[in-house]
Each structure stands twice: as C-alpha cells, then as structure tokens.
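Student: Sharing a structure, written as structure tokens. Questions coming.
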Amino acid sequence: MPQLSNLYLFIYNSLQSIGWAIALFRVLSSFVVNKSADGAYVSAGELICLLQTVAFLEVIHGAIGLVPSGALFPLMQWGGRTHFLLAIVRGIDEVQGMPAVFITFLAWSLSEVIRYPQYALSCLGHCPHWITYLRYTSFIVLYPIGVGPGEMWLMYQALPYIKEKHLYGDSLFGLPFSYYNFVQAVLLCYPFLWLKLYLHMFKQRKSKLAKQHTRKKKRM
C-alpha cells in the first residue's frame with residue numbers, strides 16, 4: 001500500500017511539474033516575443049487554471065493522511081489562488097492583460113517548477129539536497145512577489161470592473177451578497193492570512209533543512 005501511494009504521488013507531482021514547466025515557458029515566450037507583459041493570460045491562463053483546479057487533490061491528500069501536511073494550509077493556499085484565478089482573472093476580461101497577471105503567473109510558475117519536482121523526487125527517496133534547499137528557500141522571495149504586486153494588486157485593480165458589471169449579482173443562495181464588498185473584505189484579510197502561511201513555510205523550512213543536514217552528517 002505505501003508503494004502504491006508513493007507511485008500515485010510521484011505520478012501526480014510529475015504531471016504537475018510538466019504542466020507548470022509548460023506554463024512557465026509560455027509566459028516567458030510571450031513576454032520575449034511580444035516585448036510586453038500583457039499576453040500572460042492568453043498564453044498560459046487556461047493551463048494555469050486547470051493545474052490550479054486539479055491541485056485541490058493536495059487538500060484531499062492532506063485530509064486523508066497521504067501526506068503529512070494536513071488539510072488546513074493547503075486549503076488556504078488553494079482557496080486563495082483559485083478564487084483569484086477563476087472568479088477574478090478568468091471572470092473579468094479587462095484585467096487579463098494587466099502586468100499584475102504576468103507577475104503572479106511568473107512567481108507561481110517559478111515556485112511550482114521547483115516545488116513539484118522536489119515532491120516527486122522525494123517520493124523516490126532520491127531528492128538532491130540542492131533541490132530541497134531551493135524548494136524551501138525560493139519561496140522567501142517568490143511568495144511575497146506573487147501575493148503583493150501580483151494577486152492583491154490585481155484584485156484592487158479589478159474592483160471598479162466588479163462594481164461596474166455588478167459581478168456575480170447581489171444574492172447568494174437567496175441571501176444578500178455583494179461580491180464587490182466581499183473582495184474588499186478579502187483584500188483586508190489577505191495580509192494576515194498571507195503572513196500566517198508565510199510563517200508556516202518558514203517553520204517547514206527549518207524542519208526540512210534540519211533533517212537534510214542530519215542525513216548528510218550520518219552519511220559522512
């Protein structure tokens with residue numbers, strides 16, 4: 001059974017690695033060819049939407065104990081990203097060419113082409129130390145870039161369009177609901193939720209790199 005779960009996780013993480021590598025290539029290619037950041041969504045948006053939607057499996061992996069991460073933090077990250085992608089970027093044509101989309105996609109793609117290969121190789125028990133170090137260090141720079149000038153800035157820029165279009169109506173299951181006010185509330189909460197995740201990732205970094213250091217010492 002452990003072998004089957006490891007095989008499944010290896011396949012899942014490998015496919016995500018390939019998908020995000022293709023997304024990164026498309027985002028960078030569009031930027032180089034067009035000499036502009038406004039083609040990021042056109043070039044890779046639908047692929048990134050698919051990859052991010054499928055990533056809900058990672059919440060399930062944690063919930064059923066397939067991986068030790070638990071379900072809360074994967075759910076927080078998945079929920080924030082998926083709302084940003086599907087409800088705002090995909091739902092509002094006018095924001096798709098904004099530089100914040102390029103910044104977000106670039107930060108996400110760079111992060112994931114490190115994270116998923118590290119997970120996949122760890123399933124095999126043969127992950128080089130430098131990949132693990134990169135996975136638990138690159139987020140220090142990439143995560144704030146993706147959230148600040150990326151996600152939060154775009155949500156702020158989207159507010160006038162949300163209000164103008166009366167996006168998603170004013171009721172949810174028959175209850176009073178303003179999506180415009182909801183996004184404003186999300187923007188207020190985002191820094192606090194982000195900081196919680198960010199600090200959690202630093203704890204992970206300390207734990208994982210300490211284990212790697214211990215293994216290296218034993219080999220010596």
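Student: For the Cα atoms of the chain, what angle does the longest principal axis make with the long axis of helix 153-165, in degrees from 0 to 90, nearest 10?
Tutor: It is inclined by approximately 30 degrees.
Student: Let me ask another. List the lysines whose alpha-carbon lies under 30 Å from that of Lys211, not counting same-chain residues fewer than 8 positions away?
Tutor: Those lysines meeting the cut-off are Lys196, Lys203.
Student: Could you do me a favour and compute the accessible area per residue for the chain, 1.4 Å probe, result in Å²?
Tutor: About 56 Å² of surface per residue is accessible.
Student: Working out 0.36 nm times the residue gap between Thr53 and Ile140, then minus their Cα-Cα distance, what length gain in nm do you get to one decimal?
Tutor: 28.9 nm
Student: Follow-up question, since we're still on this one. At a 1.4 Å probe, what is the % contribution of carbon and sulfur to the accessible area of the chain?
Tutor: Solvent-exposed carbon and sulfur of the chain make up 69 percent of the total.
Student: According to a simple spin-label model (label point 7 Å from Cα along Cα-to-Cβ), what is the distance in nm between Leu159 and Asn34?
Tutor: So the two model labels end up 2.7 nm from each other.
Student: What distance in nm separates the simple spin-label points at Ala210 and His129, each placed 7 Å from Cα in the Cβ direction?
Tutor: With each label point 7 Å from Cα toward Cβ, the separation is 1.8 nm.
Student: Using +1 at the Cβ of each Lys and Arg and -1 at the Cβ of each Asp and Glu in the chain, identify which of Val183, Tyr161, Gly65 lies farthest towards the dipole's positive end.
Tutor: It is Gly65.
Student: Can you tell me the Rg and Dmax of region 15-69, counting just the alpha carbons, in angstroms?
Tutor: So, for region 15-69, Rg and Dmax equal 14.5, 46 Å respectively.
The values are calculated or read from the model by the stated rules, or taken from the named source; none is laboratory data. Please read these numbers as outputs of a predicted model, since none were measured by experiment. Neighbour counts are summed over all protein chains in view; Cβ atoms, including those assigned to glycine, are modelled from backbone coordinates with ideal geometry. Surface areas here come from the heavy atoms of the whole protein model, side chains and all, with no ligands, DNA or RNA. Shrake-Rupley method; radii C 1.70, N 1.55, O 1.52, S 1.80 Å.
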